[in-house]
Structure formats: structure tokens, C-alpha cells
1. Ranking request for peptides 11-21, 214-224, 132-142: highest mean number of other beta-carbon atoms within 10 Å first, then the rest in descending order.
2. Could you calculate the FRET efficiency of Leu242 with Leu153 from 1/(1 + (r/R0)^6), where r is the beta carbon distance between them and R0 is 30 Å, rounded to 0.05?
3. Tell me which residues come under 5 Å, amide H to amide H, from Asn83 once H is placed; ignore anything under 5 positions away on its chain.
4. Cα-based Rg of segment 3-77 per 2.2 N^0.38 Å, rounded to two decimals?
5. Can you tell me, using C-alpha contacts under 8 Å and at least 6 residues apart, the relative contact order of the chain as a whole percent?
6. Give the Rg/Rh ratio for segment 134-262, taking Rg as the radius of gyration of the Cα atoms and Rh as the Kirkwood radius, to two decimals.
7. Among Leu240, Val228, Thr199, pick out the residue whose Cα is farthest towards the positive end of the charge dipole of the chain, where Lys and Arg carry +1 and Asp and Glu carry -1 on C-beta, about the Cα centre.
8. With a Förster radius of 35 Å, plug the Cβ-Cβ distance of Asn80 and Glu4 into 1/(1 + (r/R0)^6) and report the FRET value to the nearest 0.05.
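Coordinate-derived values only; no laboratory data. Here the structure is a predicted model, which means the values were calculated and not measured. Don't worry about glycine lacking a Cβ; one is built from the backbone with ideal geometry, like all the others, and counts go over all protein chains shown.
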Amino acid sequence: MNKEKLGKRFLQILVILIGISFLSFLLIFLAPGDPVTSMYASTGMMPSEEVLNETREELGLNRIFIEQYGTWLWNCLHGNFGNSFSMHKPVAELLISRLMPTIQLAVLSLLLMLAISVPFGVLAAVYKEKPADHLVRGISFLGISMPNFWVGLLLLYVVALKLRLVPTVSKEAGFQQMILPALTLAFAMAAKYTRQVRTAVLEELNQDYVTGARARGISERVILWRHVFPNALLPLVTMLGLSLGSLLGGTAVVEVIFGYQGIGNLAVTAITALDYPLIQGFVLWIALIYMVINLIVDISYEFLDPRIRRKAR
């Protein structure tokens, strides 16, 4: 991707971010409930109406929508996303503090998913319409049908309560705390990706170059792993990018079930407390993640497929 196209993409990202920020700010502004009342209620006290009005004025919540949005946007452009109403800390600091646990969980989930889906997807493609293929497709269909929260509760009951292989609740953010939520996320993704890997490999196996390679006496293993599998990767790259964006955006249900202190858990806390600055910061974070990862995926196409690279030149 040349510099001109890259510059246009960055400009598009900026325009889209501003549009998303406006719409999300408007929806939050129109949402029922009073964040100031919720903020005081979380502390166990309810001051007089005069104190509530003073707090609203101090936070700028008594101004009209366009003034609130303009002030917030100007501060964001200068790196200031405001302070959390409920946690009384800068929004940027809260998001950054939950970023690393979410990254660790996302990476572990993707690694587990790839370790499951790639071999089983290739196996199903190689043994198409045979017992191995039917078994893999049946298990993947079962995995797609089960919601994450049910899988998480099941793993929590079996692995943590019955087998006692990992602690049910852990205050330390280590590998033991990550393994169950990572397995929960990887399970549903692996079921989906297994079917996609199977489809992509089958499509490549039907190409003419595979027939030619077989005619020249090249072994099936070499054809599969040196030629077919690399070519089958391209359609999966987009899916991997979207999955990574979704995981980095936080998987709220899974994080809440396991008490994992990631971005998703923070978002649930912000929504419950009507913490407007924190909700808005979270929305922008997700939007930015998806657009940046989409840009990285587009750039990676040129490295994975020489045809796209030659066309770009």
C-alpha cells in the first residue's frame, strides 16, 4: 500500500471516529437515568437536590448537548478523555490499565483456537465425506450452537469446582486466571474456524495446480502444506483480524462470569453506573481497534498474495 492510499485510510479513520463519537455521545445523552444520582448512590449516600445540581454544573451535565459534545471532543483531540464519574480516575488511565489483561486473554484465545481449528479443519478437508469429516463437522456444529456464557459456566463447574484444576476465583492476573475464559472464547471460535479452514482447503484442493502437482509425482503432504495451506490462509486473515478486534474490544459476558479484570468487565461496570465518560471512551476504543486492525489486514494481503502486491505496484 503506497503512501497516498495509506494517508487516505488514516483520514477515513479520523472521519469515521468523529462520526461514531457523535452518534454514541448523542445516544448516551438521550439515555434515561441520571449519572450524578447513580454516582452518589454507589457511595451509599444521597445528597440534597441542591448538591446534585451543583455536581451537574461542575461536570458540565447541565449544558446543552452540542456544548457538552464540543467540549468533550476538543479535550479528546488533546488526549484528555475526561474522568470517570464512578471511579474518579482518568478514563485513559482506566482503559490502559485494563488493556494488557485483555491483550493477554485475546492472544491466548487465538492461539488455542488456531491449535484446534487448523488441524481439524485440514483433517476434515482431506477426508471429505468420510467418518473423520462427519465427526469434525458434527462437533463444530455443536460448538457453534452453544453460547459463550453456557460454555463458561460449564467449564467453571467442571474444571474449577469438580476437578479443582484451577481456582474458582483468583485476585492475581496470571495464567491460571486466564485459562478458563480463554478456553471459553476459543471453543466457539474454533468451531467456526474449523468449518472455514475446511472450506478454504477444499477449494484449493480442487484447483488445477494441485492436479498438476499430483501428475508430477509430488507427495500429498508437500502439496497440502507447501502449496494448498498457504493459499488457503488469505480468506482466513480477514476473519482473524475481526476476531482479534472483537477480543481486544472485550468480551463482557465471559469476563464478568470469571471475574476477569479486562476491558469488557470495565464496560459493564461503566454501563451499570451510567458512567458517561468511561462508556464513551470504551466505544471509541472499540471503533479504533476495529479500523486499525482492518487496515493492518489490508496491508498484510500484499505480503501474503504476490498477485495483490503486483497489482498495487
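1. Details: 11-21: 13.5, 214-224: 11.6, 132-142: 15.5.
Top of the packing list down: 132-142, 11-21, 214-224.
2. Details: r = 26 Å, r/R0 = 0.86.
With a Förster radius of 30 Å, E is 0.70.
3. Counting only residues 5 or more places away or on other chains, the set is Val91.
4. Values: Rg = 17.3 Å, N = 75, 2.2 N^0.38 = 11.3 Å.
Compactness ratio reported: 1.52.
5. On the way: 314 pairs, mean separation 79.8, N = 313.
Relative contact order of the chain: 25 percent.
6. Values: Rg = 19.1 Å, Rh = 17.1 Å.
A ratio of 1.12.
7. Sorting the options by dipole projection puts first Val228.
8. Values: r = 32 Å, r/R0 = 0.92.
So the FRET efficiency works out to roughly 0.65.
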